[in-house]
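What follows is calculated from the coordinates using simple rules that are stated; it is not laboratory data. Since this is a predicted model, take the numbers as computed values, not measurements. Glycine also receives a Cβ, built like all others from the backbone with ideal geometry; neighbour counts cover every protein chain displayed.
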Amino acid sequence: MNQTWPRHQKKELQAVLVEFDRRGWRISKTTYYKLRCPCGAHMRMIHLTPSNPRYAQQALRWLDKLDCPAHKEEQ
Ligand SMILES: [Zn+2]
């Protein structure tokens, strides 16, 4: 797999990044991971050490429910 970002230390959050990547999002890393939708309008950040144990799950659900024209062909 050709990964364009430094791997996330937490396995479940790395899986979140992979899922966003699969849908065409651009991922860059500063002090957190910054995710940018192919449509250009949507953004999401993924922290390195979120305190919320449901953080990964919530990010994936947010992505699933996102109403974005750039995602319609995938679904
Ligand atoms: Zn979008």
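Structure above, values below:
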{"quantity": "Label point distance in nm, residue 2-residue 28, each placed 7 Å from Cα along Cα→Cβ", "calculated": "1.9 nm"}
{"quantity": "Segment residue 10-residue 47, length gained on full extension (0.36 nm per residue, minus Cα span)", "calculated": "12.3 nm"}
{"quantity": "In degrees, nearest ten, helix 11-22 long axis to first principal axis of the chain (Cα)", "calculated": "20 degrees"}
{"quantity": "Ellipticity estimate at 222 nm from DSSP helix runs (n ≥ 4, -39,500 (n - 2.57)) divided over the chain, nearest 500", "calculated": "-9500 deg cm²/dmol"}
{"quantity": "Note, ³J(HN,Hα) from phi for the stretch 50-67, Karplus 6.51, -1.76, 1.60, rounded to Hz, x at Gly and Pro", "calculated": "x, 7, 6, x, 9, 4, 5, 4, 5, 5, 5, 5, 4, 5, 4, 8, 5, 8"}
{"quantity": "Furthest towards positive pole of dipole, 51, 33, 62, structure part the stretch 11-69, Cβ charges", "calculated": "33"}
{"quantity": "Three-way shape call for the stretch 1-52 based on the alpha-carbon gyration tensor, with the a/c threshold at 1.5", "calculated": "oblate"}
{"quantity": "Cβ charges +1 (Lys, Arg) and -1 (Asp, Glu), total dipole of the stretch 10-75, debye", "calculated": "220 debye"}
